[in-house]
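Nothing in this text is a laboratory measurement; each read-out follows from the coordinates by a stated rule. These figures come from a predicted structure and were not determined experimentally. Heads up, the Cβs are rebuilt from the backbone with ideal geometry, glycines too, and the neighbour counts pull from every protein chain shown.
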Amino acid sequence: MSALRFGSPRHSIRNVYVHAPFCARRCCYCDFAVEVNRRPDGAGWLGAIRTELETLEASGEVRLASTLDTLYVGGGTPSILDPGRIVALAEVIGRMRTRGDDFEWTVEANPESFTEPVAGCWARGGVNRVSFGVQSFSREALRWMGRLHSAADAEEAVARATAGGLANLSVDLIFGLPATVARNWKDDLERALRLDVPHISLYGLAVEKGTPLARAVQQGTTAPAGEARYRDEYLFAAETLARAGYEHYEVSNFARPGFPSRHNLACWRGAPYLGLGNGAHSYANGRRWWNERDWPAYRDGVRASGTARADSEVLTGEQSRLEAVWLALRTGEGLRHARLGDGAAGRVLSWEAGGLARLEDGAIRLTPEGWLVLDDLAVELEQCLP
Ligand code: SF4
C-alpha cells in the first residue's frame, strides 16, 4: 500500500463512485477500463470493492461521511452483473450511509441486459436513478458501434424501469459519428425525447488510441466526423433539448428542472469523492489518486495488499486554479467571480460579443458555442484573472 496518506481529510467524503468493469463486448470507440466477459465473477468483484474500502477506512486514508449524498455505479456494464451484487453494495458501503432522504444512487445499464428481474431487484435494493447507454436508435449506427441492443430494446428498457418504479432516468446519446454511418441525428433526438426521461447526456465521438475505431481511421477505412459536423450536431441538440424544456446544466448534460445528476454536480463543484474499483479516480483536499486500470491488476493488487493504487498527484496552486476555472465554466452555474480585474473583464466582454459567454448574476456562463471551445476559454481566463 502507498506510504502516502490521503486521509485525515478535513472533510469526510459524501460522494462515492464504484466501477463495474465488465462488458459483453467492446464497442468500437471505447477505451474505458473494461474487461470483456459475458459471465463476470460478481462475487470476486464485490469482494474486491469491499476489501478496498475496508482497507482505506481501517488505515484512516479516507473517511466517508456517516450519510452519503451520492453513490454512482458506472462501467463497463453494471447491468450484466447479478443484480444482487449491485444492491449488496449498500451493505459494503454501510447501510446507514445510504439512508439519507436525498440519497441519490445511480447505476448505469445497457438496454439488452436491463431485464425485469434487474429492474425489480435494483429498485427494491435502493437504486433510485438509472443511466442507460442508448447512443442511437439507428440500426446501422448501433451495428457500426458494436452495440448489442436495438432501438426497441432501449425503448423497452426505459418502459421496464418506469414500470418498476424507477422514474429518475437518463439516456446517453453519441453525436459526431462518421458521415458514412447512416444515422439521422434529428430522428435520434426525437426518439430520445419520446422516451420522456428527465435527463439526457450527449457525448461527442472521439477517436481514442488503441481502439478498433482508431485502427480503422489509421487504415483509412473510416473518416472521423469533421469539425463542422460535430459542431452542427452539438448545437442542434442543445437547441432541440432546450426547446423541449431541458436545462443545459453542463457541457454534455441536459435535465428537466430538479433532475440533474447530483453526483456529477458534486464532482464539478469540487466536492471530494472516493472512487473504488479498477481505473477509479478519487479526489480530496487537493490530492488526486487513481487505481490500476486493468481489472486483473486491480483484483490481484487488492488481494495482495488491500488496495491497488496506480498513482497519485498533489495539485499545484496553478493546477488547482485552472481546474477550478475549468470545472466552473463547464457547468450552467458558471464561474462566480467577485473581482474580475480589467484583463479578465475585457476578455469576458469579447466572449460575450462573440456569443461564447454571458455575464449574468455575477457569474460568467458559457453558451453552447462557448462550450465547444471550453478548454481554450478556461486557459485564457485563468491566465488573466487577478
Ligand atoms: S458498453 Fe460502454 S463501457 Fe462497455 S464497451 Fe461499450 S462503450 Fe465501453
Could you tell me which residue out of 109, 199, 96 lies farthest along the dipole of the chain toward its positive end? Charges go on the beta carbon: Lys and Arg +1, Asp and Glu -1, centred on the Cα centre.
96
Convex hull per residue volume in Å³, alpha carbons only, for the stretch 2-142:
131
Rounded to whole Hz, the Karplus (6.51, -1.76, 1.60) HN-Hα couplings of the stretch 278-285, x for glycine and proline
5, x, 6, 9, 10, 8, 7, 6
Treating the beta-carbon of each Lys and Arg as +1 and of each Asp and Glu as -1, no other charges, what is the dipole magnitude of the stretch 316-386 about its Cα centre, to the nearest 20 debye?
160
Limiting things to C-alpha atoms, what are the Rg and the maximum Cα-Cα separation (Dmax) for the stretch 193-281, in angstroms?
16.7, 46
For the stretch 316-386 the mean separation of alpha carbon contacts under 8 Å (6+ apart) over residue count, i.e. relative contact order in percent, is 39
Going through the stretch 333-367, which trypsin sites (Lys or Arg not before Pro) have at most 13 other Cβ atoms within 10 Å and a DSSP loop state?
339
Base-10 log of normalised Debye intensity for the chain (one unit scatterer per alpha-carbon) at q = 0.15 Å⁻¹:
-1.54
Taking a Cβ-Cβ separation under 4.7 Å as the criterion for a possible partner, which cysteines of the chain have none?
23, 28, 121, 267, 384
Taking the Cα centre of the stretch 183-334 as origin, work out the dipole magnitude from +1 charges on Lys and Arg Cβ and -1 charges on Asp and Glu Cβ, in debye rounded to 20.
260
Suppose we keep just the alpha-carbon trace of the stretch 282-386; what are its Rg and Dmax in angstrom?
18.5, 58
Enter the Cα centre distance for the pair the stretch 171-248 and the stretch 334-363, rounded to the nearest angstrom.
29
Distant-in-sequence amide H partners of residue 337 (H built 1.01 Å from N, under 5 Å):
364
Tell me the label-point distance for the pair residue 190, residue 124, using the 7 Å Cα-to-Cβ offset, in nm and rounded to one decimal.
4.1
